Each structure stands twice: as structure tokens, then as C-alpha cells.
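Here is the structure we will look at.
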Amino acid sequence: MDARLSFLFDHSSDFFCVLDRNGTVLYTNTTLRRALGYTESDINGKKANEFSHPADLKRREELLSNIGICKEITAYESRIKAKNGRYFNIKWSLILNDEDDLIYATGSSLTYKLNVSGQNNISDNILNIIQSFNEGFFIIDHKWQVTAFNPAFQAITGLTTKQLKNINFRKIDSLGITEEIMSEFETAINDTVSSQVQYFNAYFNRWLRLNIYPYKNEVAVFIRDITNIQVQQLILALEKKVLELNASTSYSLSQTINELIKGIEEIFPDMICSVLEVDEAQEKVYHISAPRLPVEYCNIINGSAIGPKAGSCGTSAFHRSQVIVSNIETDPLWDDYRALILPYGLKACWSTPVISSHSAQVLATFAVYYTTAREPKDEELQMIGRTTNILRVLIENKKNQDHVKDQNKRLQEIASISSHDLRRPVATILGLVSLFDRDNLANPLNKEIISHLDNTSRELDGVIHAIVEKTVYLNGDE
């Protein structure tokens with residue numbers, strides 16, 4: 001950037017930043033960094049999405065797409081996370097410069113403004129407190145009109161100040177309000193009853209919690225994004241369920257893992273997951289579970305060899321490390337498999353090896369596919385780590401069960417050998433010895449007895465050898 005412009009922007013009281021077409025922050029001015037509490041190294045070079053509220057991510061992706069067409073966008077409002085965890089509501093004006101293909105953005109904070117329509121009995125002190133909340137706050141009257149709202153609520157809705165003023169609450173589609181939730185509001189207005197409800201907002205794929213407080217002819221509502229809390233609770237419940245299934249003899253390993261994968265896909269609807277088992281020779285992979293992957297694709301790659309350039313899973317198993325492919329179309333690891341996967345609309349694949357407790361071998365790989373090219377978020381990486389740990393427990397437990405069953409089978413075989421195969425030659429030897437003529441060693445019968453003793457001894461040796469083999473296996477020396 002020109003040094004003179006850089007000087008002006010650094011001394012401006014407005015926020016200013018420069019991004020590339022992919023949304024990577026290249027430059028920020030002092031005012032923006034000071035307001036958010038970041039240093040240059042904290043923010044420059046990072047994706048803008050890392051600082052956006054989760055509810056704004058979809059809109060931000062649309063922004064980056066639209067600016068290539070419109071070239072200029074004004075009055076774009078978004079919630080940006082400061083270093084202390086607080087969100088600032090900022091109104092931006094952006095322009096795409098064709099000469100350097102960069103996006104220049106200038107903005108101002110709306111965080112210190114609570115939008116109130118008409119005469120609303122809210123004192124200045126309360127206004128200042130409410131506007132600083134990280135959770136959304138709004139008031140609706142008996143006609144369902146939104147009469148007041150803070151910046152956090154505006155960020156959750158994704159609407160502009162002009163769109164929200166006096167809007168009918170029931171027409172805010174981005175809140176994803178269901179009929180059940182609407183009935184709670186009706187009860188609050190009609191019966192003056194406070195309540196708390198939580199629901200899944202399908203519009204943004206987020207969990208929201210509402211605290212509804214009626215007062216006179218109005219209803220004050222606090223709305224909070226509880227997605228992280230809810231997801232953790234759902235994951236814990238899923239893990240408990242899967243471990244209980246694992247303890248049941250009526251569920252096979254593939255059935256148990258299938259329940260785990262289906263549960264994860266319900267919690268994270270955008271994820272398409274699969275588990276591939278690595279064979280004992282550590283050479284090939286085979287499908288254990290892939291509820292939503294196309295069957296044709298699963299059949300084609302079943303039994304594929306692992307290697308240094310074998311898609312995400314084969315490479316992950318080969319290197320014994322996590323492989324993140326954010327764009328299948330361009331990543332060389334997928335050169336040999338790209339034509340197989342792209343027709344099904346899958347654009348990204350992250351694979352993590354499930355390594356045995358003693359790091360002796362790779363047991364399986366856990367893969368997450370997406371229909372969009374993207375990098376994983378921190379919470380997604382945490383979920384993947386938890387899932388691989390659960391998979392390790394499930395697979396090793398199954399292997400231990402199989403080992404115990406095999407040991408029991410061999411013990412039964414040894415017992416059978418001892419009671420039948422071993423007793424027969426011993427009884428024969430004892431009988432032959434009793435027939436041996438010790439008084440007349442030259443008796444021709446003695447020669448025949450010795451011949452029978454030799455054959456029976458060889459038979460006994462074979463039985464003893466079989467027992468030794470099975471005993472060695474039981475002791476783990478195979």
C-alpha cells in the first residue's frame with residue numbers, strides 16, 4: 001500500500017482493513033486493532049471468518065462472492081470478535097479494486113448504539129448495559145413489532161438497522177422460529193408468564209436459547225447462541241450411547257460404529273463421515289461405516305492400497321498422521337481419485353488415523369467430507385480428536401473380545417486333545433509295554449511290539465507338538 005495512504009489510514013478514527021479475494025486479512029489500521037485488542041501478528045494473515053460470529057459466516061461468504069460482481073458494497077453489518085471474546089457490531093463499506101484484486105474496507109462500530117423506536121421506558125444506564133451484552137436483546141409490543149434491539153441481536157438476525165426497525169417479529173425468517181416457539185411468545189403476551197426455551201435454528205444451523213420476560217403490553221427477550229454448549233451435551237450423550245452398545249453382545253463392531261457416525265452426522269449436518277479399517281498387513285483399507293457416502297464410491301475404493309499419495313485416508317494411514325485436504329479439485333493427493341469423487345459433489349476431505357494404544361499399528365481412519373472446499377475450525381478438530389479416541393476404544397475392545405474368544409476356543413481344543421488324542425497313544429504304549437516279554441527278549445513278538453511302540457511314540461509326539469503350538473499362541477509369543 002502507498003505509504004501516504006497507510007499513514008492516513010493508521011491515523012484515522014475509522015476502522016480500515018484490506019483483504020484478498022479469499023477473505024485473508026492483509027492489512028489493518030491501528031484504530032481497528034486497538035478497538036479489538038489485537039496486535040498485527042494476531043490478525044494480519046488470518047481468515048476474516050476466524051473473527052466473525054458463527055451466525056455471520058454464511059453472510060460473509062455471500063459477501064466475498066457478491067463483491068466480485070457488485071464491486072462496491074455499503075452498509076454491510078457484521079459482528080467481529082475482539083481478543084477478550086466480546087463481539088463488536090461494525091458497519092462496513094467495501095470496494096474491490098480491479099488493479100490489485102484486493103478488497104478495501106472501512107467501517108465504524110455500532111456496538112454503542114441500542115436502537116429504540118418511539119417512546120420506550122428504558123433509562124440511559126440500562127441502555128448502556130444492554131447494548132454491551134454479547135447476547136442478543138430485543139423488545140416486541142403486543143402487535144409483534146420489534147421496538148428495541150441491541151447490536152448482538154442484529155448480528156444474530158443478519159439484518160440491517162433499517163430492516164429491523166418496527167419489523168413484525170414473526171417475519172424475521174433468519175431466526176428460524178417454529179410454531180412451538182411462537183406459542184411460547186403468545187403465552188407470554190396473553191398470560192404474562194416468563195419462560196425459557198431452546199431450539200435449533202435451521203436457517204443458520206445454530207442452537208439458540210430464549211429467555212422471555214413479559215411486562216405490561218410488551219415482551220423483553222434475551223437470545224443467546226448456545227451451539228457450543230448444546231453440541232458438547234449431544235456429543236457426550238452419543239458417546240455414552242455408543243459405549244453402552246459396545247458392551248452389548250447383540251451389536252457388532254460395524255453396527256456400533258455406524259451408530260456413532262450417524263449420530264455425528266445428526267449433530268453436524270454438513271459433515272459426511274466414513275470409517276475405513278486398515279488390514280493387519282497395514283497395506284489396504286476397507287469400509288466399516290459410511291452412512292451417507294455414495295455406495296458406488298464406497299465399493300470402488302474398498303480394498304484400496306494405502307500410500308503417500310492415496311487420497312486423504314490412504315495417505316493418512318500411510319503417514320500415520322492427520323491429512324487435511326481443503327480442496328479436492330486442486331490437491332495432488334487426490335490425483336488418482338479425483339475423477340471418482342467429484343461427480344458426487346464432494347469438495348473437501350479431512351482424514352485422521354486411529355492408532356492403537358501402544359502405537360503399534362493404524363487401526364482405521366476417520367474421514368470427514370464436505371460439499372464445499374474448506375478448512376476445519378477448532379471445534380471441528382476437537383470433535384475429530386474425540387471421535388478417533390472413541391473409535392480406538394471400540395476397535396481395540398472388539399479385537400480384545402475376538403482374542404479372548406479365540407483363546408477360549410484354543411483352550412477347548414487343548415482340553416479335547418488332552419482328553420482324547422493324548423490319552424489314546426498313552427494307553428496304547430502302556431498296553432504294549434505290558435505285553436513285552438522281558439523273560440525272553442528274543443521272542444519274535446517283542447520285535448513287533450517295539451515297531452508298534454515306535455509308531456505310537458511318533459503319534460504322541462505329534463499330539464504334544466500341537467498342544468505346544470496352541471500354548472505358545474495363548475502366551476502371545478506368536
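A few points about this structure:
- Å² per residue, accessible surface of region 264-365 at 1.4 Å: 44
- Full extension of the chain between A202 and M182 yields a length gain of 5.7 nm, computed as 0.36 nm times the residue separation minus the alpha carbon distance.
- Set against the labelled values [x] 24.2; [y] 23.6; [z] 28.2, Kirkwood radius over Cα pairs in Å computed from this structure falls on [z].
- Using the Cβ-Cβ distance between R374 and V193 with R0 set to 35 Å, the FRET efficiency from 1/(1 + (r/R0)^6) comes to roughly 0.20.
- Estimated [θ] at 222 nm from DSSP helical runs (n ≥ 4, -39500 (n - 2.57)) normalised by residues in the chain, nearest 500: -13500 deg cm²/dmol
- Peptides 162-172, 13-23, 273-283 ordered by average Cβ neighbours within 10 Å, highest first: 273-283, 13-23, 162-172
- Between the Cα long axis of helix 57-70 and the first principal axis of the chain there is an angle of about 60°, rounded to the nearest 10.
- Using the Cβ-Cβ distance between L236 and I69 with R0 set to 35 Å, the FRET efficiency works out to roughly 0.20.
- Neighbours of N168 by Cβ distance under 11 Å: Lys/Arg scored +1, Asp/Glu scored -1, total +2.
- Summing charges over all other residues whose Cβ lies under 15 Å from the Cβ of N134, with Lys and Arg as +1 and Asp and Glu as -1, gives +4.
- Region 209-249 - accessible surface per residue (Å², probe 1.4 Å): 58
- Region 325-382 and region 184-262: distance between their alpha carbon centers, rounded to Å: 29
- Checking the Cα-Cα distances for K309/K377; K46/K81; K58/K83 against a 19 Å cut-off, the pairs over it are K309/K377; K58/K83.
- With the highest mean first, a sort of the peptides 358-364, 102-108 on other beta-carbon atoms found within 10 angstrom per residue produces 102-108, 358-364.
- Full-extension gain in nm, A35 to V295, via 0.36 nm per residue minus C-alpha separation: 88.4 nm
- Between 0 and 90°, nearest 10: helix 227-247 axis offset from the chain longest Cα axis: 10
- Gained length - K447 relative to L243, 0.36 nm times residue gap less alpha-carbon distance: 66.7 nm
- The chain - percent of accessible surface contributed by carbon and sulfur, probe 1.4 Å: 51
- Here K143 is the anchor, and the aspartates and glutamates within straight C-alpha reach of less than 12 Å, apart from those fewer than 8 places off in the same chain, are E186, E218.
- Note on V393 and H319: with the Förster distance fixed at 35 Å, the Cβ-Cβ geometry gives a FRET efficiency of about 0.90.
- Taking the C-alpha atoms only, the angle from helix 253-267 to the longest principal axis of the chain is near 0 degrees.
The values are calculated or read from the model by the stated rules, or taken from the named source; none is laboratory data. Please read these numbers as outputs of a predicted model, since none were measured by experiment. We place every Cβ from the backbone using ideal geometry, glycine too, and count neighbours over all the protein chains shown. Note: areas computed on protein heavy atoms with side chains; ligands, DNA, RNA excluded. Shrake-Rupley method; radii C 1.70, N 1.55, O 1.52, S 1.80 Å.
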